1. For segment 145-165, indicate whether the set of residues that are touching a helix residue (DSSP H, G or I) at 6+ places or on another chain (Cβ under 9 Å), within 8 Å of ligand 1 (Cβ to nearest atom) and in contact (Cβ under 8 Å) with a residue 60 or more places away in the chain is non-empty.
2. How many residues, within segment 101-157, are in a loop (DSSP other than H, G, I, E, B) and within 16 Å of ligand 2 (Cβ to nearest atom)?
3. Is it fair to say Asp12 is charged (D, E, K, R) and under 18 Å from the mean Cα position of the chain (by Cα)?
4. Which residue pairs have Cβ atoms closer than 7 Å, lie 6 or more positions apart in sequence or on different chains, and pair a first residue in segment 302-323 that is touching a residue at least 40 places away in the same chain (Cβ under 8 Å) with a second residue that is among the hydroxyl-bearing types (Ser, Thr, Tyr) and not in a helix (DSSP H, G or I)?
5. Given the criteria part of a helix (DSSP H, G or I), at pLDDT 95 or above and out of contact with any strand residue (DSSP E or B) (no Cβ under 8 Å at 6 or more places or on another chain), does Ala261 qualify?
6. Only residues in segment 208-230 that are farther than 17 Å from Leu178 by Cα count as the first member; pair them with residues that are basic (Lys, Arg) and assigned to a helix (DSSP H, G or I), Cβ under 7 angstrom, at least 6 apart or cross-chain, and list the lot.
7. Counting only residues that are over 29 Å from Gln281 (Cα atoms) and away from ligand 1 (no atom under 14 Å from the Cβ), which one in segment 305-335 is surrounded by the most Cβ atoms within 10 Å (Cβ to Cβ)?
8. Quick one: in segment 174-191, of everything that is assigned to a helix (DSSP H, G or I) and under 11 Å from Gly142 (Cβ atoms), which residue is nearest to the chain's Cα centre (by Cα)?
Amino acid sequence: MTIILAIETSCDETSAAVVENGQTIRSNVVASQIDIHRRYGGVFPEVASRQHILTITTVIQDAMVQARTQWNDLDAVAVTHGPGLAGSLLVGVNAAKGIALALNRPLIGVNHLEGHMVSNWLITDGPVPTPKFPALCLIVSGGHTELVLVHDHLAYEVLGRTLDDAAGEVFDKVARLLGLGYPGGPAVEQAAERGKPDAFDLPRARLRGTLDFSFSGLKTAVLRLVQRYTDKVQAPADALNSQPPCTNRGLPLPLLSMPIADLAASFQQAVVDVLVEKTCQAAEEHDAAEILLAGGVSANSLLRHQMTARARRPVRAPPLFLCTDNAAMTGAAAYYRFMAGQRDGMDLDVIPGLRL
Ligand code: KG4
Ligand code: ZN
């Protein structure tokens, strides 16, 4: 049996987990910083890094206690070393190095995107998941939108990626435009429940002949619509980066007459259409055995439902609590690296732009 302590601090969640054989979650503690970043309308990198420093020790101790695991029972210490925010990654990497050194156990650096993909192998309350290769994985998070052909564990081929904003990033930006707050994805999804997905005809960038994505045109189209309802027209950059002034009920002042639910539903449908079409196209072109969803945006229920309804291949997605950032996925990915003989030294560095 291989038991790995995994640490994940790439963005705004401080997380530690103990994972057995890459599949069984003994513990998975996630300390979210959402309430702290909400007041800034997005992740404030320096605040995130300081908050990781404050919570990391307690989170790791909790993970060990909840897992009922002794330090000496650990076979390796794994950590996400990229991609992500440099100052945040550094906290996790330094903590992992300290523990690996003290216990004299191997240190294993893991790619955050690989963690998201491998979350599909973690056991939750159903049967043991056994995704078939080659699998076509759509990774949709706050920083990434990638289509990856997974030939086998550790054998990835990136088929396409976003040329501009990531899917989660555009959810967050549109939420800000609509005055829906942070984090944007769940807020837009909730607002969309009351709206009509065909209320506004929004653009879908299909980028024919490629498996790449582009969401900046859609974002700008929503901005233009929002400006129709605002009193004064702001410069696009200002509108995207500032919070609209609020009433004492928290509603954005100049936007009270705006059909927020219809805009949210039409926007969400446009994003989902493109994600589903491109993923199905890639799965057919590469004859994938199944489709995997991963990353924070894969928690979106319209995406999950429409992918399942429209794909001609089986579709698998992690349970909601494993879609957003957590260390269990890091521990799962680390297991395959450990078995393949990867051992990192004390010179393991953070790589904010690390690619698959
Ligand atoms: O994977 P993740 O937790 O962190 C990164 O690696 O970036 O993804 C966070 C992103 C955020 O942009 C958030 O708005 C989005 O995932 N997200 C959602 C939903 N839940 C989280 N987007 C759409 N619908 C959701 N239900
Ligand atoms: Zn993530």
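The values are calculated or read from the model by the stated rules, or taken from the named source; none is laboratory data. If you're wondering where the values come from, they're calculated on a predicted model, not measured in any experiment. Cβ coordinates were reconstructed from backbone atoms using ideal geometry, including for glycine residues, and neighbour counts include every protein chain displayed.
1. No, segment 145-165 has no match at all.
2. First, the residues of segment 101-157 that are in a loop (DSSP other than H, G, I, E, B): 104-106, 122-134, 141-144, 153-154.
From what's left, within 16 Å of ligand 2 (Cβ to nearest atom): 122, 141-144.
The total comes to 5.
3. Details: charged (D, E, K, R): yes; under 18 Å from the mean Cα position of the chain (by Cα): yes.
Yes, satisfied.
4. Pro319/Thr124
5. Details: part of a helix (DSSP H, G or I): yes; at pLDDT 95 or above: yes; out of contact with any strand residue (DSSP E or B) (no Cβ under 8 Å at 6 or more places or on another chain): yes.
Against the criterion (part of a helix (DSSP H, G or I), at pLDDT 95 or above and out of contact with any strand residue (DSSP E or B) (no Cβ under 8 Å at 6 or more places or on another chain)), Ala261 qualifies.
6. Leu211/Lys278; Phe213/Lys278
7. Checking each candidate, the answer is Gly331.
8. Here is the first cut: in segment 174-191, the ones assigned to a helix (DSSP H, G or I) are 174-177, 184-191.
From what is left, the residues that are under 11 Å from Gly142 (Cβ atoms) are 184-185.
On the way: Gly184: 13, Gly185: 11 Å.
Here the answer is Gly185.
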